[in-house]
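Asker: Take this structure first; my questions come after.
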Amino acid sequence: MEYHAIVIGAGASGVMCASQAYSENKRILLLDNGKDTLRKVFISGGGRCNVTNINTRNDKYISANNIKFVNHALKSYTHNDILEFLKSHNIAYHEKHKGQIFCTNGSRDLVEALESTIDNDHVDVLLEKEVISIGKNDSDDLFIVKTHTDEYQAKNVVIATGGASIPKMGATMFGYDVAKEFDIDVEKIHPSLVPFIFEQDLLDSTYDLKGVSLEVSIKCGKKKIIEDLLFTHQGISGPAALQISNYWNMGERLVINFLPHDDIKELIQKEKSNNPKRLVKTILNYKLPKSFVSWLCEQTNTQNIQLANLSNKDLNKLVLLIHQWGVIPRDTKGYQIAEVTKGGVSTKELNPMTFETNKVKGLYFIGEVIDVTGMLGGYNLQWAWATGYVCGTHIK
C-alpha cells in the first residue's frame, strides 16, 4: 500500500501534520501504537489542556544548539492560529496564570475537533500498530514501513512519536532509535518538567513541610525561576521545581530563596528597633506560611525568641536559611511522570523551514522528539502544533 506520506505518532504534532498534508490526490497514513489518538493532549493541564501560551517566543525554549531554529515554525503557526481553531469549533477557552490558555470545558472538545480534521477519505488512521522497522529502497526512493502484520510504502515519513516521557501513555524510544538508524545525531535526553526527589536525611528534616506551597525563587547555575514551590513526601514539586528541572543536571545544587521579594534581615532589624519584645516567629508569620515558619524556627532554635534576644549569629543563620537554602536533589522522578523529554534529534540535522532531515530526503522529525524543550505553560503544545503545521504544509 503506497502513500504520499506516513506519519508515525498520532499525538498533537502528528495529527496536525496529517491534517495539513493530505490533498485530493495525496493520501496520508497516520500510525500509532496506542488505542487512541491525542492521548497526552487529553490529559494535558489536568484534563483541561493548556493548549498554548500568548507569550510564545524563542526565549521560552531551550536546545543544545541555536534556539533561533524555532523561529520559522513559531511564526508560521502562532498561538493566535490555534485560538482561531478553537473559535472555529466553538471551543470555549480562557487565559490563566502568565498567559496560559486552557479549554474551559475540558480537553475532550479539543481532541474531538482535532480528530475531525483527519476524519476524511484522504487520511487513513490505524491505531494499535507498532512499527517494527523503517527502511528506504534506493531504487524507487520509497520508504518501507513495517508493522507486525503489514507493510506500507511512502515517499515521505514523518516521525512524530514524541519523547520518552510517560511510558504508560505509550511513549517509547522509537523516534530516537529511527534517527540513529539513519545516522542522525541525537542530543542526550533527560526527563524534564519533572519533580525532584531528596535524599532520606533531607526528607526527614523537611517531613513537616509536606503540602506546604509558597512562592520562591529557585536557581540552578545562572538560571533563576520565580514561581510557586510545593514540598512533597519525596522532595519538591510545583511550577518552580518543574521549570528549573529544564536546566538541572545530576549532582547540581539548587539554591532557593523563600522570600524573593523581601529582605528578611532588613525587616527583622526594623521591627527589632520598634518592637523588641515581639517574637521572631510573629514577624515571619507576616510573610510566610505558619507551618513553614514553625520549621524555620525549629531549624534555627528561634521558636520562642524575642527580637531583642536574637543574636547576630542566629539572625544570619535565619537569613541564610530563608534566602539561600541550598539542596542537591538525589534525582528527579524520571520519565514516569515527566511532562516532556529534554534533548532529542539534533536541530543541526533538520531544515527549520520544513523539518526534513539534511541527510535523508523525505524523512522528517516533528514535535517533542526534536531537541527543543519549552517552559511549563503551554509552550510545548504550541511547538507541537507549529512543527506539525509547517511539516504538513510542506509535504502537501
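The values are calculated or read from the model by the stated rules, or taken from the named source; none is laboratory data. These numbers were taken from a predicted model, which means no experiment stands behind them. Reconstructed Cβ throughout: ideal geometry from the backbone, glycine too, with neighbour counts over all protein chains shown. These area figures cover heavy atoms from the full protein model, side chains too; ligands, DNA and RNA do not enter into them. Shrake-Rupley method; radii C 1.70, N 1.55, O 1.52, S 1.80 Å.
Asker: Write out, first by first residue and then by second, each pair whose Cβ atoms fall under 6 Å of each other, whose residues are 6+ apart or on separate chains, and whose first residue, in segment 73-92, is without any contact (Cβ under 8 Å) to a residue 24 or more places away in the chain while the second is part of a loop (DSSP other than H, G, I, E, B).
Answerer: Every condition considered, the pairs that remain are A92/T104; A92/N105.
Asker: Might you check whether a residue that is assigned to a loop (DSSP other than H, G, I, E, B), under 19 Å from I366 (Cα atoms) and touching a strand residue (DSSP E or B) at 6+ places or on another chain (Cβ under 6 Å) occurs anywhere in segment 187-195? Even if it seems obvious, please write down each step before you answer.
Answerer: Quick first cut of segment 187-195, residues assigned to a loop (DSSP other than H, G, I, E, B) only: 193-195.
With the extra rule that they be under 19 Å from I366 (Cα atoms), the set shrinks to none.
No, that holds for no residue.
Asker: Would you check which residues across segment 264-291 are under 38 Å from the mean Cα position of the chain (by Cα), touching a residue at least 40 places away in the same chain (Cβ under 8 Å) and farther than 22 Å from L230 by Cβ and list them?
Answerer: Correct list: K265 only.
Asker: Filter segment 32-65 down to the residues that are on the phi > 0 side of the Ramachandran plot and open to solvent by 20 Å² or more (accessible area, probe 1.4 Å), then identify the one that is modelled with the highest pLDDT.
Answerer: Restricting to residues being on the phi > 0 side of the Ramachandran plot and open to solvent by 20 Å² or more (accessible area, probe 1.4 Å), the top hit is G47.
Asker: A further question follows. Name the residues in segment 117-132 that are out of contact with any strand residue (DSSP E or B) (no Cβ under 9 Å at 6 or more places or on another chain) and open to solvent by 60 Å² or more (accessible area, probe 1.4 Å), would you?
Answerer: Of all residues in segment 117-132, those out of contact with any strand residue (DSSP E or B) (no Cβ under 9 Å at 6 or more places or on another chain) come to 120-121, 128.
D121, E128 - these are the residues of segment 117-132 that are out of contact with any strand residue (DSSP E or B) (no Cβ under 9 Å at 6 or more places or on another chain) and open to solvent by 60 Å² or more (accessible area, probe 1.4 Å).
Asker: Next question, about the same structure. From the list K361, K342, pick out the single residue that is among the charged types (D, E, K, R), part of a loop (DSSP other than H, G, I, E, B) and over 30 Å from N285 (Cβ atoms). Before you say what the answer is, go through the steps one by one.
Answerer: Working: K342 fails: part of a loop (DSSP other than H, G, I, E, B).
Being among the charged types (D, E, K, R), part of a loop (DSSP other than H, G, I, E, B) and over 30 Å from N285 (Cβ atoms) holds for just one of K361, K342, which is K361.
Asker: Now for a different question. Residue check, A241 against (1) in contact with a helix residue (DSSP H, G or I) (Cβ under 6 Å, 6 or more places away or on another chain); (2) without any contact (Cβ under 8 Å) to a residue 60 or more places away in the chain, all met but one. Which one?
Answerer: Only one criterion in (1) in contact with a helix residue (DSSP H, G or I) (Cβ under 6 Å, 6 or more places away or on another chain); (2) without any contact (Cβ under 8 Å) to a residue 60 or more places away in the chain is unmet by A241, namely (1).
Asker: Of the residues that sit in segment 20-31 and are buried (at least 23 other Cβ atoms within 10 Å of the Cβ) and within 26 Å of H79 (Cβ to Cβ), which one is modelled with the lowest pLDDT? Explain how you work it out, then say what you get.
Answerer: Within segment 20-31, the subset buried (at least 23 other Cβ atoms within 10 Å of the Cβ) is 21-22, 28-31.
Remaining after also requiring within 26 Å of H79 (Cβ to Cβ): 21-22, 28, 30.
Numbers: A21: 96, Y22: 92, I28: 98, L30: 98.
In this case the residue turns out to be Y22.
Asker: So in segment 133-153, with the set limited to residues that are among the hydroxyl-bearing types (S, T, Y) and more than 24 Å from N25 (Cβ to Cβ), which one is most open to solvent (accessible area, probe 1.4 Å)? Reasoning before the result, please.
Answerer: Step one: list which residues in segment 133-153 are among the hydroxyl-bearing types (S, T, Y), which gives 133, 139, 147, 149, 152.
Among the residues that remain, those that are also more than 24 Å from N25 (Cβ to Cβ) are: 133, 147, 149.
On the way: S133: 45, T147: 9, T149: 103 Å².
Filtering first and then ranking leaves T149.
Asker: Take K180 and decide whether it is open to solvent by 50 Å² or more (accessible area, probe 1.4 Å), part of a strand (DSSP E or B) and basic (K, R).
Answerer: Working: open to solvent by 50 Å² or more (accessible area, probe 1.4 Å): yes; part of a strand (DSSP E or B): no; basic (K, R): yes.
Against the criterion (open to solvent by 50 Å² or more (accessible area, probe 1.4 Å), part of a strand (DSSP E or B) and basic (K, R)), K180 does not qualify.
For (1) touching a Ser or Thr at 6+ places or on another chain (Cβ under 6 Å); (2) in contact (Cβ under 8 Å) with a residue 24 or more places away in the chain; (3) of a type in the set (D, E, K, R); (4) at positive phi, each residue gets a yes or a no:
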| position | (1), (2), (3), (4) |
| --- | --- |
| Q100 | no, yes, no, no |
| H122 | no, yes, no, no |
| E128 | no, yes, yes, yes |
| K155 | no, yes, yes, no |
| G170 | no, yes, no, yes |
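Asker: Okay, next question. Given segment 197-312, what strands (runs of 3 or more DSSP E) lie entirely inside it while holding 1 or more residues that are charged (D, E, K, R) and open to solvent by 50 Å² or more (accessible area, probe 1.4 Å)?
Answerer: Passing ranges, in order: 213-220, 223-231.
Asker: Could I ask something else about it? Is there a residue being β-branched (V, I, T) and under 21 Å from G14 (Cβ atoms) anywhere in segment 185-198? Explain how you work it out, then say what you get.
Answerer: Initial filter on segment 185-198 (β-branched (V, I, T)): 186, 189, 194, 197.
Filter again for under 21 Å from G14 (Cβ atoms), leaving 186, 189.
Yes, some residue in segment 185-198 is β-branched (V, I, T) and under 21 Å from G14 (Cβ atoms).
Asker: So, one more: Among the residues of segment 378-385, are any surrounded by fewer than 23 Cβ atoms within 10 Å (Cβ to Cβ) and closer than 27 Å to I159 by Cα? Can you show your working first?
Answerer: Filtering segment 378-385 down to residues surrounded by fewer than 23 Cβ atoms within 10 Å (Cβ to Cβ) leaves none.
Scanning segment 378-385 turns up no residue that is surrounded by fewer than 23 Cβ atoms within 10 Å (Cβ to Cβ) and closer than 27 Å to I159 by Cα.
Asker: Among the charged types (D, E, K, R) and under 17 Å from K40 (Cα atoms): does that describe E84?
Answerer: Details: among the charged types (D, E, K, R): yes; under 17 Å from K40 (Cα atoms): no.
Judged against the criteria, E84 is not a match.
Asker: Being surrounded by 24 or more Cβ atoms within 10 Å (Cβ to Cβ) and either on the phi < 0 side of the Ramachandran plot or modelled with pLDDT under 95 (or both) narrows it down to one of K342, K359, so name that one. Quick ask: steps written out before the conclusion?
Answerer: On the way: K359 fails: surrounded by 24 or more Cβ atoms within 10 Å (Cβ to Cβ).
Just one listed residue meets the conditions, K342.
Asker: For segment 98-112, does any single residue satisfy the condition of being β-branched (V, I, T), within 23 Å of F42 (Cβ to Cβ) and in a loop (DSSP other than H, G, I, E, B)? Break it down into steps so the answer makes sense when it comes.
Answerer: Initially, segment 98-112 is screened for residues β-branched (V, I, T), giving 101, 104, 111.
Right, trim to within 23 Å of F42 (Cβ to Cβ) and you get 101, 104, 111.
If we keep only those that are in a loop (DSSP other than H, G, I, E, B) as well, we get 104.
Within segment 98-112, one or more residues are β-branched (V, I, T), within 23 Å of F42 (Cβ to Cβ) and in a loop (DSSP other than H, G, I, E, B).
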